[in-house]
Structure formats: C-alpha cells, structure tokens
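Notes follow once the structure below has been shown.
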Amino acid sequence: MPESEAESAFEAIRFADKGGEPFCVWCDCEAVYRITRNVTNRKTGKITSRRLFKCQKCLKQFSVTSGTMFHGRKLAFKKIMAAVLLFADGAAGKAALHLRRDIKCNHKTAWTLQHRLREAMTSYVTARRLTGPIEMDSTDFGGKVRKANRAEDRKNQPRRHMDKVVTVSVLRERGRHGRVVPFLGNEAALVKVINTLIDPLSKPFVDEHPAWNALFAQFPVRQIKHKDRYSDLHGTSTNLAESYFSRFKRMYNGTYRHFSRQYAQAYNGECAWREEHRRSPNGDQFILIAAGALHHPPSPIWRGYYQRTLRKAA
C-alpha cells in the first residue's frame, strides 16, 4: 500500500460521518478543497509534499489528523496504520520494544504512540454508566519482593513492598455484551464515587470486603464470602471480575513486565477495552481503535511529552 492509499484510508475513517467526504474540522463546513504544500525537513533538507484541505468559509488549513490524537504526527501514515494493526492484534497488549522493531522507529515514538491509543481507549470505557447486574472487585499488583537466598532469612520476609503496590478496581456487567469500566483505587475509593459509575437500579455483586457494606442501604447487593466459597451455584459470584484480573495480570507479567504507578489507569483502561471487545474480529478492533483516536481531541499529556513542552503541566 503506498502512502497515499494509507492516508485515504485514514480520511475514510475520520470523515465517516459524511460518507467519507471531507469537511472542515474547525467549523464543520462542507465546502473544502484539497491543496498541496511542500515542506522542507530541517535536518536533512529533503522536500516532501503534504496533502491538506482548506475551508472556503473560515479559510483555515487542516489535515486528516488535525485536532485528533495524531495531531502533530511525524510518523508516516503507513507506519501509524501498521502500529494500530499490531496493537489491536495483541490479545494481552503489545510491548513498545516489540512494536519499535516491527515498524522500525524509535522506542520513545512507539511508547508515546501506544499511550495515545490507550488514552482514547480509556476515554471510551469510562464515559458511561453501567446498568443491570454488575460485578465489582479490586486487586493489588506490583511490589513483589524477591525471596532471600537462605531459608532462615525468608521467615519474616514481607511478600511485597507496600510503597510500590498499586490497587486497581473493575466494574463489569454480566451478559455476553457486558461493558467493563476500569477504576484506579481500592474498594473504599470506589464506593465514594459509585453513584457516578452505575445506575441507581443496578444490582451489584461483591465479595466480603467490609467497604462494600456502605452499598447495602442503596442497592440490592448480593454478596459472596470467598473464605467459604467462590460461588453459591445460584448466580452469586464475582467470577467475571476475577477473570478480568486474570487477563490484567497476564498482561502485566507476560507482556509489559512492569509499568509505573502513574500509568496504571492507562493500562487498566486498555485491558478493559480488550476484555469488552475480546469477541470482535481483529479488523473490527483496528477500525474501533483508529476511529477512537481520530475522533479524540489532542492529548494534553502526550502531545509534546518527550519534547518536555507539556510534561510539567501534565
């Protein structure tokens, strides 16, 4: 596929609301026309031509990635398309070092590109309220302590460095097409904002953690005590939430190996999106990820992150 066809594919996704016909991204005017502008590379001096649009109403110029998550891109459209395809293909994620070798770019470029996609995925799974029967649970990861060499030194050794432990939570609807919402924090933090995440007529399923006791006065809660059993064989369990944590920890231990506490919600959102679309074909997942990034405004965190222009403010 030449670069022009890859760019046309992005145009079809970006302007799908109007049947693929371009419109002004600033004033929504449909009276636009194509222009070509030559751009000189400041380092190599190479001259390349850019395909742009110009609005007849506001007279502003824009490209297919203007005002999107790919705003200010430096990568070619072919590499961005390949990166999104490979990112969607990984059932448990895609490591940035692996992606760097596949599309032949810098590791920083692959890492920030993936985080832009994660931000679009996270904004999709967090921008709704769940209804119906919902399973909720929390888990800890990170901070594992390496066991001492001598057996006598292992007796009083802690299992984890608690200052490095990160707690994530999940809310998951039951059903074949149940939605998944990630949350960064423990059970007590989740209970404080529960009204913004689920419908008042929802039916929560929880375990025996004491923080869930605050829900009994507001919701018809069904509780399962894991110290006795994992399921009462009559529909009361949190097995769907536990299966989500199984995928999340496989992604953490097997694919990414480690990620910082400040990016935990981004990876939690990616895992929630993958769990929700696990039965969708890879081609549909590619379209959803690309469309989500092309209809998401520029990230205030990742735009210019490695140039340190916005890192301090973010």
### Task
Mind scanning 54/79; 164/192; 54/94; 155/192; 155/249; 94/225 and naming the pairs with a C-alpha gap bigger than 30 Å?
54/94; 155/192; 94/225
### Query
Which percent of Cα pairs goes in each bin when the distances of segment 234-314 are cut into 5 angstrom slices starting at zero?
3, 11, 15, 18, 19, 17, 9, 4, 2, 1, 0, 0
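With +1 on each Lys and Arg Cβ and -1 on each Asp and Glu Cβ, how big is the dipole of segment 1-94 about its Cα centre, in debye rounded to the nearest 20?
660 debye
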### Task
Note the per residue figure in Å³ for the convex hull of the C-alpha positions in segment 73-219.
180 Å³
### Query
Excluding residue 186 itself, what net charge comes from residues whose Cβ is under 12 Å from its Cβ, given Lys and Arg +1 and Asp and Glu -1?
-2
### Message
Could you work out [θ]222 nm for the chain from helices alone, using -39500 (n - 2.57) per DSSP H run of at least four and dividing by all its residues? Round to the nearest 500 deg cm²/dmol.
### Response
-9500 deg cm²/dmol
### Query
How much solvent-accessible surface does residue 44 expose, in Å² to the nearest 10, with a 1.4 Å probe and all protein chains in place?
100 Å²
## Note on the structure
Of all C-alpha pairs within segment 207-246, those more than 11 angstrom apart amount in percent to 67 percent
### Task
Please get the size of the charge dipole for the chain, origin at its Cα centre, with Cβ charges of +1 on Lys and Arg and -1 on Asp and Glu, quoted in debye to the nearest 20.
1640 debye
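Rounded to the nearest 0.05, what FRET efficiency is calculated for residue 253 and residue 57 with R0 set to 51 Å and r the Cβ-Cβ distance? Write out the running numbers ahead of the final one.
Numbers: r = 53 Å, r/R0 = 1.05.
It comes to 0.45.
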### Descending principal axes extents, segment 3-58, alpha-carbon based, whole Å
38, 26, 14
#### Entry: Hull-based mean projected area of segment 94-170, where the convex hull spans the alpha carbons, in square nanometres
9.2 nm²
### Task
Compute the signed sum of charges (Lys and Arg +1, Asp and Glu -1) over the other residues within less than 10 Å, Cβ to Cβ, of residue 232.
+2
### Summary
Rounded to the nearest 10 Å², the 1.4 Å probe accessible area of residue 36 is 100 Å²
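Does segment 161-241 come out rounded, prolate or oblate, given a ≥ b ≥ c as the square roots of the eigenvalues of its C-alpha gyration tensor, rounded meaning a/c under 1.5 and, failing that, prolate meaning a/b above b/c?
On the way: a/c = 1.39, a/b = 1.18, b/c = 1.17.
Rounded, since a/c falls under 1.5.
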### Query
For segment 164-314, what % of the accessible area comes from carbon and sulfur atoms, probe 1.4 Å?
52 percent
### Summary
The computed P(r) of segment 194-285 puts the percent of Cα pairs beyond 18 Å at 61 percent
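With the radius of gyration and the Kirkwood radius both derived from the Cα set of segment 34-153, what is their ratio Rg to Rh? Kindly include the intermediate steps, with their values, before the conclusion.
On the way: Rg = 21.9 Å, Rh = 18.9 Å.
Here the Rg-to-Rh quotient is 1.16.
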#### Entry: Heavy-atom surface of segment 248-311, accessible at 1.4 Å and reported per residue (Å²)
51 Å²
### Message
How are the alpha carbon pair distances in the chain distributed across 10 Å bins from zero to the largest one, expressed in percent?
### Response
5, 22, 28, 22, 14, 6, 2, 0
### Summary
The correct ranking of 153, 207, 28 by accessible area at 1.4 Å, largest first, is 28, 153, 207
### Task
On a C-alpha basis, how far is the centre of segment 119-152 from the centre of segment 200-251 in Å? Whole number, if you could?
15 Å
### Query
Looking at the chain, do any whole DSSP H helices span at least 15 angstrom along their long axis by alpha carbon and average 0.5 or above on Kyte-Doolittle, and which?
77-89, 282-294
### Query
If you rank 81, 69, 162 by how much accessible surface each has, with a 1.4 Å probe, what is the order from largest down?
162, 81, 69
### Task
Let me know the charge dipole size of segment 27-70 about its Cα centre in debye, to the nearest 20, where only the beta-carbon of Lys, Arg (+1) and Asp, Glu (-1) is charged.
340 debye
#### Entry: Taking the chain and dividing mean pair separation by its residue count, relative contact order in percent (alpha carbons under 8 Å, at least six apart)
20 percent
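The values are calculated or read from the model by the stated rules, or taken from the named source; none is laboratory data. Everything numeric in this text was worked out from a predicted model, so none of it was measured. Because the Cβ atoms are built from the backbone with ideal geometry, glycine has one as well, and the counts that use them run over all protein chains shown. Accessible surface areas use protein heavy atoms only, side chains included; no ligands, DNA or RNA. Shrake-Rupley method; radii C 1.70, N 1.55, O 1.52, S 1.80 Å.
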